[in-house]
Amino acid sequence: MSKLYFNYAAMNAGKSTILLQSSYNYIERGMHTLLLKPAIDNRENADTQILSRIGLNAEADVFQTETDLEQYILEAHGAKPIDCVLIDEAQFLTRDQVWQLSHVSDDHRIPIMCYGLRTDFAGRLFPGSQALLAIADDLREIRTLCWCGRKATMTLRVDSKGEAVTKGRQVEIGGNERYVSLCRKHWRVGDIG
């Protein structure tokens, strides 16, 4: 039985690394995967690559917010059968796209593995994450640590001086220079250690 999976965490938990390892495991067994990433994730001039912080990378197909992912996946599946779809930065999916992915899993029996943030820098759910938390068959938390050693569940946005940013747009693409993973206590007070 195929499922819709949501693997979520704060920043720097290794979500992309785990995604790439999962794809490698399928490929090593002679299977075919489809890697997808949202167009909005254009960090490090890697528009068509999924990059991990430890140096792993792989080419991915890029989708827009208006892309019908069910249609896209089924067309790709028709060209070459797909054993698993893996989606990076799944927090940027739309609600409709999450439902499209559930149709692929339910009706076409292709497993869908999504990896992304649960909440934004202000502790609010991303639309894609909210939909995945509501309808995914399997939820998996990937853990990382706060500087104090406790589990980091929150992501804090910081400015160029390392000061906490508490207001702004929900989406601002960045990496370690803009975001810090913290436990809720240290996130609440903006203490980055």
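The values are calculated or read from the model by the stated rules, or taken from the named source; none is laboratory data. In this text, all values refer to a predicted model and were calculated from it rather than measured experimentally. All Cβ positions, glycine included, derive from the backbone under ideal geometry; neighbour counts span all protein chains shown.
Criterion first (buried (at least 18 other Cβ atoms within 10 Å of the Cβ), among the acidic types (Asp, Glu) and within 30 Å of Trp187 (Cα to Cα)) does Glu70 satisfy it?
Working: buried (at least 18 other Cβ atoms within 10 Å of the Cβ): yes; among the acidic types (Asp, Glu): yes; within 30 Å of Trp187 (Cα to Cα): no.
Spelling it out, it is not the case that Glu70 is buried (at least 18 other Cβ atoms within 10 Å of the Cβ), among the acidic types (Asp, Glu) and within 30 Å of Trp187 (Cα to Cα).
List every residue pair whose Cβ atoms sit under 9 Å apart, with the two residues 6 or more apart in sequence or on different chains, where the first one lies in region 182-193 and is more than 15 Å from Met11 (Cα to Cα) and without any contact (Cβ under 8 Å) to a residue 24 or more places away in the chain and the second, anywhere, is of a type in the set (Gly, Ala, Ser) and outside any loop (DSSP other than H, G, I, E, B).
Val189/Ala164; Asp191/Ala164
How about region 96-123: which of its residues are at pLDDT below 95, assigned to a loop (DSSP other than H, G, I, E, B) and among the hydrophobic types (A, V, I, L, M, F, W, C)?
Within region 96-123, Phe121, Ala122 meet the criteria.
What is the residue count in region 123-147 for residues that are hydrophobic (A, V, I, L, M, F, W, C), touching a Lys or Arg at 6+ places or on another chain (Cβ under 8 Å) and surrounded by fewer than 18 Cβ atoms within 10 Å (Cβ to Cβ)?
Result for region 123-147: 4.
How about region 1-95: which strands (runs of 3 or more DSSP E) wholly inside it have at least 3 residues that are under 23 Å from Arg169 (Cα atoms) and touching a residue at least 40 places away in the same chain (Cβ under 8 Å)?
Values: elements: 4-9, 33-38, 49-51, 57-59, 61-63, 84-87.
Passing ranges: none, list empty.
Among (1) β-branched (Val, Ile, Thr); (2) surrounded by fewer than 18 Cβ atoms within 10 Å (Cβ to Cβ); (3) assigned to a helix (DSSP H, G or I), which single condition is Ile192 missing?
Going through the list (1) β-branched (Val, Ile, Thr); (2) surrounded by fewer than 18 Cβ atoms within 10 Å (Cβ to Cβ); (3) assigned to a helix (DSSP H, G or I), Ile192 breaks only (3).
How many residues are basic (Lys, Arg) and in a loop (DSSP other than H, G, I, E, B) if we restrict to region 124-167?
Selection size over region 124-167: 5.
If you go through region 1-19, how many residues are of a type in the set (A, V, I, L, M, F, W, C) and more than 22 Å from Glu70 (Cα to Cα)?
Narrowing region 1-19 to residues of a type in the set (A, V, I, L, M, F, W, C): 1, 4, 6, 9-11, 13, 18-19.
From what is left, the residues that are more than 22 Å from Glu70 (Cα to Cα) are 9-11, 13, 18.
Of the residues in region 1-19, 5 are of a type in the set (A, V, I, L, M, F, W, C) and more than 22 Å from Glu70 (Cα to Cα).
Scan region 28-45 for residues that are over 26 Å from Glu70 (Cβ atoms) and either under 15 Å from the mean Cα position of the chain (by Cα) or modelled with pLDDT under 90 (or both) and report the count.
Total meeting the criteria: 3.
Do the conditions hold for Leu133, that is, is it modelled with pLDDT under 95, of a type outside the set (Gly, Ala, Ser), in contact with a Phe, Trp or Tyr (Cβ under 8 Å, 6 or more places away or on another chain) and under 21 Å from Leu36 (Cβ atoms)?
Working: modelled with pLDDT under 95: no; of a type outside the set (Gly, Ala, Ser): yes; in contact with a Phe, Trp or Tyr (Cβ under 8 Å, 6 or more places away or on another chain): yes; under 21 Å from Leu36 (Cβ atoms): yes.
For Leu133, the condition - modelled with pLDDT under 95, of a type outside the set (Gly, Ala, Ser), in contact with a Phe, Trp or Tyr (Cβ under 8 Å, 6 or more places away or on another chain) and under 21 Å from Leu36 (Cβ atoms) - is not met.
Filter region 109-134 for residues that are free of Cβ contacts under 8 Å to residues at least 40 places away in the same chain, within 20 Å of Tyr72 (Cα to Cα) and not aliphatic (A, V, I, L, M) and give the result.
Listed by number, the list holds a single entry, Gly128.
Run down Ile112, Ile54 and say which single residue is among the hydrophobic types (A, V, I, L, M, F, W, C) and touching a strand residue (DSSP E or B) at 6+ places or on another chain (Cβ under 8 Å).
Working: Ile54 fails: touching a strand residue (DSSP E or B) at 6+ places or on another chain (Cβ under 8 Å).
Being among the hydrophobic types (A, V, I, L, M, F, W, C) and touching a strand residue (DSSP E or B) at 6+ places or on another chain (Cβ under 8 Å) holds for just one of Ile112, Ile54, which is Ile112.
Being more than 13 Å from the chain's Cα centre (by Cα), of a type in the set (Ser, Thr, Tyr) and more than 20 Å from Asn7 (Cα to Cα) is true for just one of Thr155, Thr166. Which residue is that? Give the steps one after another, and end with the answer.
Working: Thr155 fails: more than 20 Å from Asn7 (Cα to Cα).
Within the list Thr155, Thr166, the selection yields Thr166.
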